[in-house]
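Below is one structure, written out as structure tokens; comments come after it.
The values are calculated or read from the model by the stated rules, or taken from the named source; none is laboratory data. Model, not experiment: these values are computed from the prediction. Reconstructed Cβ throughout: ideal geometry from the backbone, glycine too, with neighbour counts over all protein chains shown.
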């Protein structure tokens, strides 16, 4: 990395991630997503996200040009992941999901990219894309039938981030049309939040609690 890129990455590790959680040991942005920087597209998305925050405080033209370049490169890599068949295979798709999360977080802070009604926010559409990939790559049932269940620390973190964003946005969204509403499909949504032991689903940013909000709604 050159000096600017190192500065962007260091900001993500030392400033952006701690800003998401005060508990370092359970900071999923830091302990699970940051180690994926070996993937070129993920590293580009990380640096672009960090650079957007830095530029707000330090409007340096070099930083602006670099984050614009990083955004174009990250977008190209993201499209490649979206189109890759292996991104939809059971147990895979980690890179596509992580890029979806990072770019959706970027859409939250990029006010110039916000869409007006009747369009849905870009960040929400992004997290819905993450929901699709989590369901496609983890079709296993829970509790009584654990075949095909994908369960690891990264998957847990991705599920929490995506599930929280999509589910907590639901009360602010219009109700689906009765003509298009599918009760069976709706009942099966977010099943990937119900995994692991009681400790896994009941502590920290509790996936079980997040899932319960969908049932209450």
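Of the residues 176, 171, the single one that is farther than 26 Å from residue 8 by Cβ, assigned to a loop (DSSP other than H, G, I, E, B) and at pLDDT below 95 is 176. Taken over region 30-66, the criterion of being assigned to a helix (DSSP H, G or I) and without any contact (Cβ under 8 Å) to a residue 24 or more places away in the chain is satisfied by 30, 34, 35, 38, 55, 56, 57, 61, 64, 65.
The rows are residues; the columns are (1) more than 19 Å from the chain's Cα centre (by Cα); (2) within 20 Å of residue 134 (Cβ to Cβ).
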position: 13; (1), (2): no, no
position: 35; (1), (2): no, yes
position: 42; (1), (2): no, yes
position: 66; (1), (2): yes, no
position: 76; (1), (2): no, no
position: 86; (1), (2): no, yes
position: 90; (1), (2): no, yes
position: 100; (1), (2): no, yes
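Scanning region 104-124 for residues that are exposed (fewer than 15 other Cβ atoms within 10 Å of the Cβ) and modelled with pLDDT of 90 or more returns a single hit, 109.
Residues are listed down the side, and each one gets a yes or a no for (1) within 17 Å of residue 156 (Cα to Cα); (2) surrounded by 18 or more Cβ atoms within 10 Å (Cβ to Cβ); (3) in contact with a helix residue (DSSP H, G or I) (Cβ under 7 Å, 6 or more places away or on another chain):
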position: 10; (1), (2), (3): no, no, no
position: 28; (1), (2), (3): yes, yes, yes
position: 49; (1), (2), (3): no, yes, yes
position: 65; (1), (2), (3): no, no, no
position: 70; (1), (2), (3): no, yes, yes
position: 82; (1), (2), (3): no, no, yes
position: 95; (1), (2), (3): yes, yes, yes
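Of all the listed residues (101, 90, 149, 162), the sole one being out of contact with any strand residue (DSSP E or B) (no Cβ under 8 Å at 6 or more places or on another chain), at pLDDT 85 or above and in a loop (DSSP other than H, G, I, E, B) is 90.
Out of curiosity, is residue 198 over 26 Å from residue 120 (Cα atoms), out of contact with any strand residue (DSSP E or B) (no Cβ under 9 Å at 6 or more places or on another chain) and at pLDDT 80 or above? Before you say what the answer is, go through the steps one by one.
Numbers: over 26 Å from residue 120 (Cα atoms): yes; out of contact with any strand residue (DSSP E or B) (no Cβ under 9 Å at 6 or more places or on another chain): yes; at pLDDT 80 or above: no.
Spelling it out, it is not the case that residue 198 is over 26 Å from residue 120 (Cα atoms), out of contact with any strand residue (DSSP E or B) (no Cβ under 9 Å at 6 or more places or on another chain) and at pLDDT 80 or above.
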